[in-house]
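In what follows, a structure is listed as structure tokens, so that the remarks can point back to it.
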């Protein structure tokens, strides 16, 4: 069996990573290796499988604890990494040790209770997909149909894998028991151990006439349309879980989940900061000087706002409750409006003369910041520093 990479290494995180760090790393890997983004890249497909397996273990507290303590052998009893207990001569693996103690003590020894029954119900695997939505859809929420490829039970053979009119037959290798007996030497002498039958995979039955549609697997890959309800307030990079829309389970087990990675397009007017929104609006010189009522675009329409006279370029106004609605809540963030004075260009002679006359009519009282600056500069020049 090929040596598996460390699950923490697969996600690019340290062993002491928190649940949030694990989820964040998983989302980043999904966006990097998802097969839909690399349809012809087999390496990305394999990396995605590796990422899914790592996340399945590390996101489950119980499995994560076993993995941290025993490594791959703690979460996969069929893994033969050889890194487990080796205190007995011959370097007996945890699996072999479980077989020995299981047969010696009547099947209740190390590891024998963890061997899964291939005929027991098994939950289907989770699947992932990505969708791209507009900025406004992210703010207001929407419902959309998503096409996904998922594995389901074959509708021709009803999951048996056998061609219509036939049925799986009892395995001749194990006699229908699903296990084979093996005599092996151990520290206790010659011992008889049981292993899953290699021919039938422990099921006790084999398909002699495979179904033409699923080729004996009992499962087929189909494309399905899933309706995804995107909540208002979703942000770029977040992942929605749609329960029961992943691959179907085995032997009557529950279906896995569908993970939908959300990508949000940028907006030409609005910029999001958490649940707040930033907007920049140009105003004229006269609007800044005299004040004016301006129209401010918001994500749910537009509002009128009165800017006071003497407003300086770069001033930021706050509109409470005009930001993005918080997910599954009624309250919202705020909108911050930055006004930027646009200096007119291309003036004709008449306009320039009028502006000069206007400027001449002003006094220092009209330019408080300018007066303050030059007063400070005068003090600096008259100080010892200015005389050097």
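A few comments on the model shown:
- Counting DSSP beta bridges with both ends in region 271-345, the antiparallel % (nearest 5): 65 percent
- Modelled FRET efficiency - R0 45 Å, residue 271 with residue 225, Cβ distances, 0.05 increments: 0.85
- Separation of the residue 330 and residue 143 label points, Cα + 7 Å toward Cβ, nm: 2.3 nm
- Under 15 Å from a label point set 7 Å out along the Cα-to-Cβ vector of residue 280, the amide N atoms of region 301-330 belong to 313-317.
- The slack in the chain from residue 240 to residue 134, taken as 0.36 nm per residue of separation less the alpha-carbon distance, amounts to 36.5 nm.
- Between residue 19 and residue 348, the modelled labels are 7.1 nm apart [label points 7 Å from Cα along Cα→Cβ].
- Using a simple spin-label model with pseudo-atoms 7 Å out from Cα toward Cβ, residue 318 and residue 9 lie 5.0 nm apart.
- Counting only DSSP beta bridges with both residues in region 244-388, the antiparallel share comes to about 65 percent.
We did not get these values from a lab; they are worked out from the coordinates using the rules stated. On a predicted model such as this, the values are computed, not experimentally measured, just so you know. Glycine also receives a Cβ, built like all others from the backbone with ideal geometry; neighbour counts cover every protein chain displayed.
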